1. Which one is nearest to the chain's Cα centre (by Cα), of the residues in region 74-93 that are closer than 16 Å to residue 159 by Cα and not aliphatic (A, V, I, L, M)?
2. Are any of the residues in region 59-77 among the β-branched types (Val, Ile, Thr), surrounded by fewer than 18 Cβ atoms within 10 Å (Cβ to Cβ), modelled with pLDDT of 95 or more and closer than 24 Å to residue 176 by Cα?
3. Restricting region 229-255 to residues that are of a type outside the set (Ser, Thr, Tyr) and in a loop (DSSP other than H, G, I, E, B), which is surrounded by the fewest Cβ atoms within 10 Å (Cβ to Cβ)?
4. For region 162-179, check the following and say yes or no: at least one residue is touching an Asp or Glu at 6+ places or on another chain (Cβ under 7 Å) and in the same structural domain as residue 120 (by TED's automatic domain parsing).
5. Does residue 78 satisfy being of a type outside the set (A, V, I, L, M, F, W, C) and in a loop (DSSP other than H, G, I, E, B)?
6. Picking from 49, 56, 24, 29, which residue would you name as being surrounded by 14 or more Cβ atoms within 10 Å (Cβ to Cβ), at pLDDT below 95 and of a type in the set (Lys, Arg)?
7. Residue by residue through region 161-218, note down the ones that are at pLDDT 90 or above, outside any helix (DSSP H, G or I) and farther than 23 Å from residue 267 by Cα.
8. Just name the residue that is surrounded by the most Cβ atoms within 10 Å (Cβ to Cβ) out of those in region 103-145 that are part of a loop (DSSP other than H, G, I, E, B) and among the aliphatic types (A, V, I, L, M).
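The values are calculated or read from the model by the stated rules, or taken from the named source; none is laboratory data. Worth saying up front: this structure is predicted, and the values here are computed from it rather than measured. Every residue, glycine among them, receives a Cβ derived from its backbone with ideal geometry; neighbour counts consider all protein chains shown.
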Amino acid sequence: MLMRLGRFVLALGVAAVGYLLIYRPLQLRWGATREEIRRAMPGDDIQPRPTFDATRSITIHARPQEIWPWLMQMGYGRAGWYGYDWIDNDGIPSSVQILPQWLQLRVGDAIPIWKNNDFPVTTLLPNRILVFASGSGKTGFSMALGLYPVDASNTRLAWRIRWATYSRNLPLLATLAFTDLSDFIAVRQILLGIKARVEGVPPEKPGTMYIELVLWLGSFVAFLASEFALIFSRSFLKPFVVAAATGLLTVWLVLTNPTLWICILVTLIIWALLVWALRKRKAQVRTSDERGVAA
């Protein structure tokens, strides 16, 4: 029991180190410069003490006024979120063109995040800042999108999300933990979707996007399985190496979002490592059984 407990603590430590020291810090500032992370944005006061404070940025080859309409029409049931439509837009394809009926947005108007979940617009500075939020203080949750010109033909789009609601209610805590883990994937795809539309480039094909998601999920499942192998395996060094390797490869895969064929290759490597670790464990069990019979 003591050995199993020690292995469990070690497996938990591997996951915690990978998440808290590598994945979380990098995903909170994907694409953003130090200046963009430190820059104050309207809406920061809605949640002054965030436990989740993420600033993601991307360069778009266009002027702010060319990007602004795409931001104004965003939302569930509006022009969509330009990302994973099967997940965040009820399967309705996001628009690939400007829809005039959604451009009359004003402070106080609601942007639907999902069904029966509307965020009122709190700040709207044309061609500069759009902020929509829910609640304030301890329950405050804000999203701020800012356009910052780089030169005459390039603009930085920054998306800041801040919240601090963590509850002792286990279902809600599980939802928040999942959001903390996966929010980055959705926001990155939205930013890439906006960039493609503004620049007149065809967005990534839905089939490719969802295959990538399945591969990332498969890699994460393999990591969890390697953690169980670390806890219950008789050997120590090889299961530990496999758990650390599969975890690092999964983090690298999600953060860098390589081309599809590289995603497939890395996922196969991750599963090959897991199979190798499990086969080794079975071989040890077989050897132990044979010794028992001989005795």
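1. So the first thing to find is which residues in region 74-93 are closer than 16 Å to residue 159 by Cα, and the list is 74-75, 81-83.
Narrowing further to those that are not aliphatic (A, V, I, L, M): 75, 81-83.
Details: 75: 18, 81: 15, 82: 15, 83: 12 Å.
If we take residues in region 74-93 being closer than 16 Å to residue 159 by Cα and not aliphatic (A, V, I, L, M), then 83 is nearest to the chain's Cα centre (by Cα).
2. Of all residues in region 59-77, those among the β-branched types (Val, Ile, Thr) come to 59-60, 67.
This time we only want the ones that are surrounded by fewer than 18 Cβ atoms within 10 Å (Cβ to Cβ), so: 59.
The next check asks that each one be modelled with pLDDT of 95 or more; those that pass are 59.
Checking which are closer than 24 Å to residue 176 by Cα leaves us with none.
No; the residues of region 59-77 include none that is among the β-branched types (Val, Ile, Thr), surrounded by fewer than 18 Cβ atoms within 10 Å (Cβ to Cβ), modelled with pLDDT of 95 or more and closer than 24 Å to residue 176 by Cα.
3. Of region 229-255, the ones of a type outside the set (Ser, Thr, Tyr) are 229-232, 234, 236-245, 247-249, 251-255.
With the extra rule that they be in a loop (DSSP other than H, G, I, E, B), the set shrinks to 234, 236.
Values: 234: 11, 236: 13.
The qualifying residue surrounded by the fewest Cβ atoms within 10 Å (Cβ to Cβ) is 234.
4. The initial filter retains those residues of region 162-179 that are touching an Asp or Glu at 6+ places or on another chain (Cβ under 7 Å), namely 162.
Pick out the ones that are also in the same structural domain as residue 120 (by TED's automatic domain parsing) and you get 162.
Within region 162-179, one or more residues are touching an Asp or Glu at 6+ places or on another chain (Cβ under 7 Å) and in the same structural domain as residue 120 (by TED's automatic domain parsing).
5. yes
6. Values: 49 fails: surrounded by 14 or more Cβ atoms within 10 Å (Cβ to Cβ); 56 fails: at pLDDT below 95; 29 fails: at pLDDT below 95.
From the options 49, 56, 24, 29, the qualifying one is 24.
7. Correct list: 161, 162, 200, 201, 202, 203.
8. 105
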